[in-house]
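The values are calculated or read from the model by the stated rules, or taken from the named source; none is laboratory data. Predicted model only: the values in this text are computed from it and were never measured. Every residue, glycine among them, receives a Cβ derived from its backbone with ideal geometry; neighbour counts consider all protein chains shown. The protein model used for the area step is the full one, side chains on, heavy atoms only, and it has no ligands, DNA or RNA in it. Shrake-Rupley method; radii C 1.70, N 1.55, O 1.52, S 1.80 Å.
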Amino acid sequence: MTIKEIIIKYCQQLENISDTPRLDVELLLKKALGDVDSMYIRMNLDKALSDEQEKYFLEMMKDRLNERPIAYIIGNREFMGLDFFVKEGVLIPRPDTETLVEEIINICNNKTGLNILDIGTGSGAITVSLAKYLDKSHVVSVDISDIALEIASKNAISNKVDERIDFIKSDVFSNVSDETKFDIIVSNPPYIRKSDISGLDRQVKDFEPYNALEGGEDGLDFYRRITEESRQFLKQGGILAYEVGHDQASDVSKIMQQNGFKGIYTKCDLQGFERVVIGFYNN
Ligand code: GLN
């Protein structure tokens, strides 16, 4: 088949499965053709794939038609203008989380040498982009999952910030030292209510790691735990910054308030949901 025939046929087939059928077909074509760019696709619409390329494309497309997320199939996802390797076992970085990273960069206002702790690093999206964009910052990056630590380390290396990141296997703060206090503690913890998991999109529920999604009966378990324990690890005036579920901002703000945080405010994602909650620690 030619590139054009493939685009037409599989865009149609993906229509009910993907919000971005055209993009998905293009991403799989690029991969099948040996990591060519979008321009190559556009300039070669009448070119036929070799048997080998077509076989590879069809294998990947079969996965996609079975609703496996495109990022897992091609093995990467862009986040904050950086390239992240991903595979099953880590949550796929989402645009919502860029709102959190952008806000932290904003409030840091060109300060250098900040000491940051990221709890539940997953693919390393938050850790790596903060290390990249905050000059001379140092990040302690923790996760309870070995796969997450392996992938996040790989992403730190490929984005050339591994020298300023320490990865630690830890259940929240359990293996983190409180000797040096942090300027910023950031987390995108699991926050889906237990009872909401079964109603999630199949592409999330069946492919993304349960451990990175489920946040207890009311989805707030990790916010309670992290907020309370963070006080022992933050500098005076230090920042606690969270991504939260679309309807959790006021509950999480309340948890911060109850723990003595000041100047609490929220930030909306691109869909207008209060997605980010930030507060300052003042003992
Ligand atoms: N934003 C993710 C989702 O809706 C959940 C991420 C999380 O629990 N931290 O699928």
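Using C-alpha pairs below 8 Å separated by at least 6 residues, the relative contact order for segment 20-138 is 18 percent.
Put a plus charge on the Cβ of each Lys and Arg, a minus charge on the Cβ of each Asp and Glu, and nothing anywhere else: the dipole of segment 121-267 about its Cα centre is then about 480 debye. Applying the Karplus relation 6.51 cos²θ - 1.76 cosθ + 1.60 with θ = phi - 60° to segment 111-119 yields 3J(HN,Hα) values of 5, 10, x, 6, 9, 10, 10, 10, 9 Hz, where x marks Gly and Pro.
Cross-link partners of K181 among aspartates and glutamates, defined as those whose alpha carbon lies under 16 angstrom from its own and excluding same-chain residues fewer than eight positions apart: D118, D166, E228, E229. Within segment 34-67, whose backbone N sits under 17 Å from a point 7 Å along Cα→Cβ of K9? What the label zone holds, given the 17 Å backbone N cut-off, is 45-66.
Need one number: % antiparallel among DSSP beta bridges in segment 27-168, to the nearest 5.
30
Set the bar at 29 Å for Cα to Cα. Now go through K87/K160; K111/K194; K111/K267; K87/K235 and name every pair that lies beyond it.
As for pairs spanning more than 29 Å Cα to Cα, those are K111/K194; K87/K235.
I need the calculated FRET efficiency for the pair D35 and D196, taking r as the beta carbon distance and R₀ as 35 Å, to the nearest 0.05. It comes out at approximately 0.40. Distance between the pseudo-spin-label points of E179 and E228 (7 Å out from Cα toward the beta carbon): 2.7 nm. For segment 274-283, 3J(HN,Hα) computed residue by residue from phi via the Karplus equation (6.51, -1.76, 1.60; θ = phi - 60°) reads 5, 9, 10, 10, 10, x, 10, 8, 9, 6 Hz, glycine and proline entered as x.
Of the options M39, V25, L14, report the single residue whose Cα projects farthest towards the positive end of the charge dipole of segment 1-47 (beta-carbon charges: Lys, Arg +1; Asp, Glu -1). Selected residue: M39.
Charge dipole of segment 149-211 (Cα centre as origin; +1 on each Lys and Arg Cβ, -1 on each Asp and Glu Cβ, all else neutral): 220 debye, rounded to the nearest 20.
For the chain, the residue among C108, A212, F182 whose Cα projects farthest onto the positive side of the dipole built from Cβ charges is C108. Using a Förster distance of 22 angstrom, determine the FRET efficiency expected from the C-beta separation of L23 and E217, and round it to 0.05. Rounded to the nearest 0.05, the efficiency is 0.05.
Rank-order 65-73, 170-178, 273-281 by packing density, defined as the average count of other C-beta atoms within 10 Å over each peptide's residues, highest first.
273-281, 65-73, 170-178
This model, with +1 at the C-beta of Lys and Arg and -1 at the C-beta of Asp and Glu, gives segment 48-165 a dipole about its Cα centre of some 280 debye. Take the Cβ atoms of M43 and K87, set R0 to 25 Å, and the FRET efficiency comes out at 0.20. Considering only the Cα atoms of the chain, their convex hull presents on average a projected area of 15.3 nm².
Quantify, in whole percent, the carbon and sulfur part of the accessible surface of the chain (1.4 Å probe; protein heavy atoms only).
47
Among I119, L200, G260, whose Cα projects farthest towards the positive end of the dipole of segment 115-270, with charges put on the beta-carbon of Lys, Arg (+1) and Asp, Glu (-1)? Positive-end residue among those listed: G260.
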